[in-house]
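Report on one structure; see the data block that follows.
The values are calculated or read from the model by the stated rules, or taken from the named source; none is laboratory data. In this text, all values refer to a predicted model and were calculated from it rather than measured experimentally. Every residue, glycine among them, receives a Cβ derived from its backbone with ideal geometry; neighbour counts consider all protein chains shown.
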Amino acid sequence: MPERRYRLDHARGRLVLGGLEIPVPRSRAGRIVTGTALVGGGFLGFLPILGFWMVPLGLIVLSHDIPAVRRRRRRLTVWWSRRKSGSGTRRGN
């Protein structure tokens, strides 16, 4: 089974994004607070230091603990991989 590029490594308490590893809290409450703070800071992306890059990172952290966010992230991942590979079905053809 190929290693996933984006995942939360439970054993080491790190968010793995390709070759980048970011430490995240090991507690569920800590991850929810961190993810919510990243999403909230991302919406203030027009300010210095804060950026819109924080929204997807926060959603990845939240998707580990919140099933609704996980389902949406998974749908987006499947849609994106189908779009990238060109094997998606097109309607009306």
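Okay, here's what the table says:
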read-out: Restricting region 18-58 to residues that are modelled with pLDDT of 80 or more and in contact with a strand residue (DSSP E or B) (Cβ under 9 Å, 6 or more places away or on another chain), the residue that is nearest to R73 (Cα to Cα); value: L57
read-out: Candidates G18, G42, filtered to the one that is of a type outside the set (D, E, K, R), exposed (fewer than 12 other Cβ atoms within 10 Å of the Cβ) and touching a residue at least 12 places away in the same chain (Cβ under 8 Å); value: G18
